[in-house]
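What follows is one structure encoded as structure tokens, with my remarks underneath.
The values are calculated or read from the model by the stated rules, or taken from the named source; none is laboratory data. What you see is a predicted model, and the numbers here were worked out from it, not measured in a lab. Cβ placement follows ideal geometry from the backbone for every residue including glycine, while neighbour counts extend to all protein chains displayed. The protein model used for the area step is the full one, side chains on, heavy atoms only, and it has no ligands, DNA or RNA in it. Shrake-Rupley method; radii C 1.70, N 1.55, O 1.52, S 1.80 Å.
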Amino acid sequence: MNTPTRSLAAAASPAGWINGFIGMLIFSGSLPATRLAVSAFEPLFLTAVRAGIAGCLALCALLLTRQPRPARADLIPLLWVAVGVVAGFPLLTALALQHMTSAHSLVYIGLLPLMTACFAVWRGRERPSVKFWAFSVAGAALVAAFALTHSEAGSGFGDLMMLGAVILCGLGYAEGAVLSRRLGGWQTISWALALALPVTVPLTLCYAPAGWPQASASAWLALAYVSLFSMWIGFVFWYRGLAQGGIAAVGQLQLLQPFFGLLLAALLLHEQVQPAMLAVMAGVLLCVVGAKRFAR
């Protein structure tokens, strides 16, 4: 008899893995890019403007391709997607990165697959085994221990923001993955961004600086990256991969994201990657793999 892991892996199509991998690579640059952008732009403005830019592009794509409007029953899930990945994760990570390096924040991304799994379990009303929750608690304990023992003075606020960001992102991933089966991958994130425009556009105008800051070219490029790639294009590939290859199977690619992110933080931002960070992330990955194994 095949194990659940083998069955899920066999069901995943090559196209799903390819699209999911591309999405994961794009997301790997999100925190390093946000770290650059937040050095020149206020977190509230950065959150609003990146969502506003992506939302305008997404709305144009929906109108040009004449996509049917979501059903009324899909509006609340789309709202949760917007709360999780359009507003919550970008804002909280921007606030956190004012108090910590992107390398430190990437430790928390190791919990993202676990959070996604937890919300998927809740949405699907499954009953995980005791072993699943044992691995879940162990992974959370590793991250908490690292945050408490390696946080610098005044960075506790950043740790709390990153924890909240991961929780909201897991919610947005799970809701979006379920919706993508009905609406399509790129349509799901596009509708969520479009629905958020009545909020993101006024906030952009409200928090826009009176005189545009003298930002560096790298900060402007980072703003462009998080607006176009992190906020929209990455989700086009990610949700498409989840729809094609299966949420549980392709979702495992999230486990690679912290390692690619650390590589980018070291290469682009010249941040120091502590051996303890790698050790904690390796332990978290083992816990996530174990939790996935016993999720059903």
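Please work out the Cα center distance from the stretch 220-237 to the stretch 63-111, rounded to the nearest Å.
Centre-to-centre distance over Cα atoms comes out at 12 Å.
To the nearest 0.05, how large is the calculated FRET efficiency for GLN274 and SER39 if R₀ is 25 Å and r is the Cβ-Cβ distance?
Once rounded, the FRET efficiency stands at 0.70.
Given a 1.4 angstrom probe, what's the average accessible area per residue across the chain, in square angstrom?
46 Å²
Could you give the length gained by full extension between ALA266 and VAL130, i.e. 0.36 nm per residue of separation minus their alpha carbon distance, to one decimal place? Present the calculation step by step, with values, prior to reporting the outcome.
On the way: separation 136, 0.36 × 136 = 48.96 nm, distance 3.83 nm.
Value of the extension gain: 45.1 nm.
Using a Förster distance of 45 Å, how high is the FRET efficiency between ALA140 and LEU75, based on the Cβ-Cβ distance and rounded to 0.05?
After rounding, the FRET efficiency stands at 0.90.
Decide, for the stretch 205-245, between rounded, prolate and oblate: order the square roots of the alpha carbon gyration tensor eigenvalues as a ≥ b ≥ c, take rounded if a/c falls under 1.5, and otherwise choose prolate if a/b is larger than b/c, else oblate.
Details: a/c = 7.78, a/b = 2.54, b/c = 3.06.
Verdict is oblate for the stretch 205-245.
Could you order VAL130, VAL137 so the one with the most accessible surface comes first? Probe is 1.4 Å.
VAL130, VAL137
Would you tell me the accessible area of LEU269, worked out with a 1.4 angstrom probe on the heavy atoms of the protein chains, in Å² to the nearest 10?
40 Å²
Just for the Cα atoms in the chain, what are the lengths along the principal axes, largest first, rounded to whole Å?
65, 51, 29
Could you give each residue of the stretch 283-290 its phi-based ³J(HN,Hα) in whole Hz, using Karplus coefficients 6.51, -1.76, 1.60 with θ = phi - 60°, and x for Gly or Pro?
Computed from phi, the couplings for the stretch 283-290 are x, 5, 4, 4, 5, 5, 4, x Hz.
Set the Förster distance to 22 Å, then compute FRET efficiency between CYS60 and ARG181 from the Cβ-Cβ distance, nearest 0.05.
0.35
Largest first, how would CYS287, CYS56 line up by accessible area (1.4 Å probe)? Let's see the in-between values first.
On the way: CYS287 15, CYS56 65 Å².
These residues rank, largest area first, as CYS56, CYS287.
Could you tell me which of PRO68, VAL273, PHE89 has its Cα farthest along the dipole of the chain towards the positive end, charges placed at Cβ (Lys, Arg +1; Asp, Glu -1), taken about the Cα centre?
In the chain, that residue is PRO68.
Quick one: accessible surface of ILE233, probe radius 1.4 Å, all protein chains present, in square angstrom to the nearest 10.
Around 50 Å² of this residue is reachable by solvent.
So, by mean Cβ neighbours within 10 angstrom, what's the order for 92-99, 189-196 with the highest one leading?
189-196, 92-99
Which order do CYS206, CYS169 take when ranked by solvent-accessible area (1.4 Å probe, heavy atoms of all protein chains), largest first?
Ranked from most to least accessible, the order is CYS206, CYS169.
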